[in-house]
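Before any comments, here is the structure.
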Amino acid sequence: MKNKQLSYLLRKRIVDFLVSLPGINDTEKQQALLQRAGLDRNLVSQLRFNAASGQFFQLLVSTAWQYGRLEDGREALVAVLQAAKDSVGLDKQVDCERLIRELSAPVQQPQQDQPQQNRHDPKKILFLSANPTDQSRLQTDKEYRMIKAEMERGQTRDVFTFLPPQFAVTITELLRAMNDKPQIVHFSGHGETEGIVIAADSNATQRVPARALKRLFAPLKGITELVLLNSCYSAEQAKMISACGMCVIGMNVAVDDEAAISFAKGLYNGLGAGKTPEAAYNDAMIVLETEHPHAADVVEVWKNGEQLEL
């Protein structure tokens, strides 16, 4: 089965089904389910039974999918669903059988004329940065390498893909990159109260004001889920962008480079674990408060034009 990709939507439906099992947030019932499924001991040892049920089943689905077949020839993830089927009513059994059929379906090669939008694609991450020559140099390359490594270590890494990073991004390159309709947009660079700082064609400072950023993101309402403005004085821009219906993180004052990188590291650790942007923000704050407690009050998160208290 590992030669076939488990789509994000199918993975989510399986996790949602397993989480809905009666009393399944109890560790003993989770262990009983795996015992009925006949999972190998070395597979079970990779799971964390002390995690919340949603996180537990996300890890279970990913681990069982990667594991492949059990000694009896069954696919490990199919075996889990077959064991779960016995503990639900008839209506849920129908749902479970549908999931098993989809997992067991043979791989179909996409036809040449099949529209791209009809096939599920991973969520796209766009990393943007600028280091104009008339500004102090930031470690944006280090930040990019770190968040990419965090995501690649995550349990749901196959759900995401990185678009080509845009270093020294200009306004025309920014417009072109946004045409890829990313689900996550990450800007790393300088910021001022007037707006974020990108590069002019001469690599000097070029400011993008908040109203221009709102225009930029407005067409991506319902597409872009998370925006990180990892730059100084970007909270006001975050507020305006969030009115487009997305979760936006910004900084209310100046933030030092290392603190910004620590926050990004924690954020992508959470995203890589399959958490929502809000839950991943909580992970990022844990890292920031631990490594750079002086910067704990700098970060703000906005959604739908309102600041969230998380």
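Just so it is clear, none of the values below were taken in a lab; they were calculated from the coordinates. These numbers come from a predicted model, not from an experiment. For neighbour counting, all protein chains shown are included, and Cβ atoms are generated from backbone atoms with ideal geometry for every residue, glycine included.
General observations
- Seen from SER129, the other residues with C-beta closer than 9 Å to its C-beta sum to a net charge of -2, counting Lys and Arg as +1 and Asp and Glu as -1.
- Top of GLN58, GLN155, GLN30 by mean-square fluctuation, Gaussian network on the chain, Cα under 10 Å: GLN30
- Structure remark: mean-square fluctuation, Gaussian network model of the chain, C-alpha springs under 10 Å; the largest value among VAL227, VAL248, VAL15 belongs to VAL15.
- Dividing the radius of gyration of the alpha carbons in the range 195-310 by their Kirkwood radius gives 0.97 for Rg/Rh.
- Placed amide H near LYS123: partners under 5 Å, 5+ positions off or other chain: PHE160, THR161
- Spacing of the modelled spin labels on ALA200 and ALA32, each 7 Å from Cα toward Cβ, amounts to 7.1 nm.
- Note on SER45 and LEU308: the extension gain reaches 90.9 nm, defined as 0.36 nm multiplied by sequence separation minus the Cα-Cα distance.
- Volume per residue of the C-alpha convex hull in the chain, rounded to whole Å³: 152
- Sites ARG101 and ARG137, calculated FRET efficiency, Cβ-Cβ separation with R0 45 Å, nearest 0.05: 0.20
- Percent of beta bridges antiparallel (DSSP, the chain, rounded to nearest 5): 45
- Residue of ASN42, ASN203, ASN131 that the Gaussian network model of the chain assigns the largest fluctuation, springs spanning Cα pairs under 10 Å: ASN42
- Helix-only [θ]222 nm of the chain, DSSP H runs n ≥ 4, -39500 (n - 2.57) each, per residue, nearest 500: -13500 deg cm²/dmol
- Formal net charge of residues neighbouring ALA32 (Cβ-Cβ distance under 12 Å; K, R +1; D, E -1): -1
- Mean projected area (nm²) of the alpha-carbon convex hull when the range 119-187 is viewed from all directions: 5.1
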